[in-house]
Every structure is written in C-alpha cells, then in structure tokens.
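Below is one structure; the comments refer to it alone.
The numbers here are math on the coordinates, done by the rules we state, and not lab data. Just so it is clear, the structure is predicted and the values come from calculations on it, not from any experiment. Because the Cβ atoms are built from the backbone with ideal geometry, glycine has one as well, and the counts that use them run over all protein chains shown.
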Amino acid sequence: MMTVQAQLSRPRSAGSIATAADRGSPLPAGSAPQATPEEVAAAAQVQRIARSVVQAALEVLGGSRPLQQLADWLDPPSYERLQLRANLVRTLNRAAAASGQPDQLLHRNVSVRTVRTCRVNAYVYEAAAVTYENHRARAVALRLERRRGHWKVTALEIG
C-alpha cells in the first residue's frame, strides 16, 4: 500500500483515476502532520497578541486609551485607518451625549469573547475575534505578519 505522501508526490497521467487523497478527502486518523512545539508556541503568542490588540483598538475607539499605545503594533495604514475611525466615533459620541442619549455611546465596556487564529505561513497569521458591548456582538478581523522578529498588525477590520 502506498503512503499518502507518496501518492501526492507521484506524477499523474491525464487518464488516471483519482484516489481519496487526490480528491481532498480527509487523511486517515494518525496521518495528519503534527505541529512542532515552535509552531504551537507561535500560535499561542499570536492569539495573545491578537486579543490584546483587539481589546486595545476598541478601547481607543471608546476613548479610554490613547491611540499612540498601538503605534508599535499597527503598520502605518492600519494606524491611520484606526485614527480616522476613532475621530469619527468621538464625534458621534459627543453628539449622543449632547442629545441626552448616553446609552448610544459607541465602543464602551467592550469585552473580547473569543479569538480564533489561522496560520497562513510561518510569518503570517490571520485572526478573527468576537467582541461584546452594550448588548451587541461585533466581529473584528486582523492579519499579523512577523517582521524583523516582531509581530505587526497589517490589516484591522472592525465590524
């Protein structure tokens, strides 16, 4: 019997019959590649960073944290987009407070419920987070890239 790795690496002719491995079927139990300890540690580190950045970004939008604290974590385009959104939210919050609707304040008392990460390659991860605030759930997506030994958020989308 040929191993899955051997089946995937052998050349196929145009008329050959596709095997289960060729069709993308799940691998048999016990044959899935195992993550190395370094990969597990990197994934855990990325998940912690993603949770912290999401929490901090929403606190920036809520006005309880200065944006400058995220300067080391965000690349320039993401930093600028967050700054523009923070200015917009600040304007909306002032208008809501002036009209006597304090329950309409945006991004107050935010908690990060879950964070899921996906490894794209050794230097790139993507993460999705679910946050909760004022009886409303929000989604946040971000992309982290390892640059010069430091994880940097290169995309940040807040729903």
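Numerical summary
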item	result
Whether segment 52-94 is rounded, prolate or oblate, judged on the alpha carbon gyration tensor where a/c under 1.5 counts as rounded	oblate
Inter-probe distance in nm under a simple model that places probes 7 Å from Cα toward Cβ, at Glu38 and Arg119	1.1
Nearest-0.05 FRET efficiency for Arg138 and Gln45, computed from C-beta distance (R0 35 Å)	0.90
